[in-house]
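In what follows, a structure is listed as structure tokens, so that the remarks can point back to it.
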Amino acid sequence: MIPPVEVSPLIKFTRYSALFIGMIYGKKRYDYLKPIAAEERRIEEEEKKKQEELARIAKALAEASEDTILK
């Protein structure tokens, strides 16, 4: 097997700098997107509640129209 090659300190520094900068960027991006996603989830939850309420009302109206005197 070939022995490992000595890596230049400049290459090591550049590699770890890029890693660290990527971690900082990811943290900032996550902090930026987190409130947006929370707002979208809240809006979807409200819409889901409205749809469930409309479905419940439609079901109640359908049952009420079936329960007539003319049966």
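The values are calculated or read from the model by the stated rules, or taken from the named source; none is laboratory data. Quick caveat: nothing in here was measured; it's all calculated off a predicted structure. Glycine also receives a Cβ, built like all others from the backbone with ideal geometry; neighbour counts cover every protein chain displayed. These area figures cover heavy atoms from the full protein model, side chains too; ligands, DNA and RNA do not enter into them. Shrake-Rupley method; radii C 1.70, N 1.55, O 1.52, S 1.80 Å.
From the list Ile43, Ile21, pick out the single residue that is of a type outside the set (D, E, K, R), open to solvent by less than 90 Å² (accessible area, probe 1.4 Å) and within 31 Å of the chain's Cα centre (by Cα). I'd like the intermediate steps shown before the answer.
Numbers: Ile21 fails: open to solvent by less than 90 Å² (accessible area, probe 1.4 Å).
From the options Ile43, Ile21, the qualifying one is Ile43.
Identify, from the list Ile57, Ile11, the residue that is out of contact with any Leu (no Cβ under 7 Å at 6 or more places or on another chain), surrounded by 10 or more Cβ atoms within 10 Å (Cβ to Cβ) and among the β-branched types (Val, Ile, Thr).
Ile57
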